[in-house]
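These notes are about the structure you will find just below.
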Amino acid sequence: MQHVLILSTKRINIPEGDFIPLILSLIEEKEMEVDYFGIEINNTEDYFDEQMKLKINRTSFITIHFACDRIDYNSYTDKDVLNFTIDLLHYKKEKEIKADDKDIEIIIDISLKFCNDLLQINGR
């Protein structure tokens, strides 16, 4: 099953190069919030309203896509999700990373067993 994790922080300029240390430092400095943790959304345009458009202009988003078994999203605190994110970003497999001047998108191809193990470590 495909899942998405969206983190947000005040708008920053994304430098060229390795983005993972930047994301990890934002998490460690408590500058990152969990915006969404759930199933992959087919058409994000369906969820936009005026308030969301304003937030998008003032915010940088880090979006992480990954596959895992079914997740009970409500059983994870924001701290659990951020710890899970740190472990995902430290995962040594190749990551597909796209970035523009303010947002980063990461696709991580992890095994279901590894994902399930991480979720057990970082939550329930």
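The values are calculated or read from the model by the stated rules, or taken from the named source; none is laboratory data. What you see is a predicted model; the values in this text were computed from it and never measured. Neighbour counts are summed over all protein chains in view; Cβ atoms, including those assigned to glycine, are modelled from backbone coordinates with ideal geometry.
Taking the criterion of being outside any strand (DSSP E or B), free of Cβ contacts under 8 Å to residues at least 12 places away in the same chain and farther than 27 Å from Gln120 by Cβ, would at least one residue in segment 3-16 satisfy it? First the steps, then the outcome.
Keep residues of segment 3-16 that are outside any strand (DSSP E or B), which gives 11-16.
The next check asks that each one be free of Cβ contacts under 8 Å to residues at least 12 places away in the same chain; those that pass are 15-16.
Imposing the further condition that a residue be farther than 27 Å from Gln120 by Cβ reduces the set to 15-16.
Scanning segment 3-16 turns up at least one residue that is outside any strand (DSSP E or B), free of Cβ contacts under 8 Å to residues at least 12 places away in the same chain and farther than 27 Å from Gln120 by Cβ.
Is there a residue being in contact (Cβ under 8 Å) with a residue 12 or more places away in the chain and β-branched (Val, Ile, Thr) anywhere in segment 50-58?
no
Only one residue in Lys10, Lys92 is at pLDDT 85 or above and not acidic (Asp, Glu). Which one?
On the way: Lys92 fails: at pLDDT 85 or above.
Testing whether each residue is at pLDDT 85 or above and not acidic (Asp, Glu) leaves just Lys10.
Tell me which residues, restricted to segment 29-45, are touching a residue at least 12 places away in the same chain (Cβ under 8 Å) and either within 16 Å of Asp78 (Cβ to Cβ) or more than 15 Å from the chain's Cα centre (by Cα) (or both). Steps first, answer last, please.
Within segment 29-45, the first condition is being touching a residue at least 12 places away in the same chain (Cβ under 8 Å), and the residues that meet it are 31-41.
Residues satisfying the conditions are Glu31, Met32, Glu33, Val34, Asp35, Tyr36, Phe37, Gly38.
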